[in-house]
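Worksheet: the structure to be examined is printed underneath.
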Amino acid sequence: MKMSAINSLVPARFLTIIAHLVIVITIFWTREYNVEACLPLEFTQEQYNREDLKLVVGLSVTLVLFAIELAGFFSGVSMFNACQGLLSTGAHASASVALLFFLFEQLDCTVYWWILALCSLLPALLEILLFIAVFGLAKKPL
């Protein structure tokens, strides 16, 4: 019974990661609207460029964290790890909902950094720890 519960996490985890990824790519494509929402009604081009750069950096960091997590998932390092599966599924589902609010309500850009830290960085850090545990601490053959 336990094994079937872990196996059911695999597709749920994959789908929530992909949903989160699609929303991040959508924000990348339409970021000018979110950048304008972060600025006062009257803003200079320099202010716009600074906020745009911050958002591009945040979105790029998120894509790098996706690469780390998907590498661990597809390599099998964490595919059947129940702890990582639950954390990743919960974090990416929460990120998907939070980023939809960010996108549709045009929230302040600082909100994106909180979503990044809680919903992307945390699962990626655990993924890195799993990489270290599997490849770094593995027993070498004699």
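Read the figures in this text as sums done on the coordinates, not as results from a lab. Predicted model, so just to flag it, every value in this text is computed and none were measured. Ideal geometry is used to build each Cβ from the backbone, glycine not excepted, and the neighbour counts take in all protein chains shown.
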| Are any residues in region 7-60 acidic (Asp, Glu) and surrounded by 12 or more Cβ atoms within 10 Å (Cβ to Cβ), and if so, which ones? | Glu36, Glu51, Asp52
| message | Looking at region 40-86 only, could you name the residues that are closer than 15 Å to Phe28 by Cα, in contact with a Leu (Cβ under 9 Å, 6 or more places away or on another chain) and small (Gly, Ala, Ser)? | response | Gly58
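Per-residue answers, yes or no, for (1) of a type outside the set (Val, Ile, Thr); (2) touching a Lys or Arg at 6+ places or on another chain (Cβ under 7 Å); (3) closer than 20 Å to Ser94 by Cβ:
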position	(1), (2), (3)
Ala12	yes, no, yes
Val22	no, no, yes
Ile25	no, no, yes
Val35	no, no, no
Glu42	yes, no, no
Leu53	yes, no, no
| task | Being surrounded by 16 or more Cβ atoms within 10 Å (Cβ to Cβ) and over 23 Å from Val10 (Cβ atoms) is the filter here, so list the residues in region 114-142 that pass it. | result | Ile115, Leu116
| message | Based on this model, can you work out whether Phe131 counts as more than 23 Å from Ile25 (Cβ to Cβ), assigned to a helix (DSSP H, G or I) and out of contact with any Ser or Thr (no Cβ under 8 Å at 6 or more places or on another chain)? | response | yes
| Of all residues in region 101-111, which are of a type outside the set (Asp, Glu), surrounded by fewer than 19 Cβ atoms within 10 Å (Cβ to Cβ) and part of a loop (DSSP other than H, G, I, E, B)? | Gln106, Leu107
| request: Would you check if Ala98 is surrounded by 14 or more Cβ atoms within 10 Å (Cβ to Cβ), of a type in the set (A, V, I, L, M), in contact with an Asp or Glu (Cβ under 6 Å, 6 or more places away or on another chain) and part of a helix (DSSP H, G or I)? | output: no
| field | The lone exception for Ala82 - which of (1) without any contact (Cβ under 8 Å) to a residue 60 or more places away in the chain; (2) surrounded by fewer than 16 Cβ atoms within 10 Å (Cβ to Cβ); (3) under 30 Å from Ala138 (Cα atoms) it fails | value | (1)
| task | Given the conditions (1) among the hydroxyl-bearing types (Ser, Thr, Tyr); (2) more than 16 Å from Ile17 (Cβ to Cβ); (3) under 14 Å from the mean Cα position of the chain (by Cα), report the number of the one that Ser96 does not fulfil. | result | (2)
| query | How many residues does region 34-67 contain that are under 13 Å from the mean Cα position of the chain (by Cα), farther than 18 Å from Val111 by Cα and without any contact (Cβ under 8 Å) to a residue 12 or more places away in the chain? | reply | 2
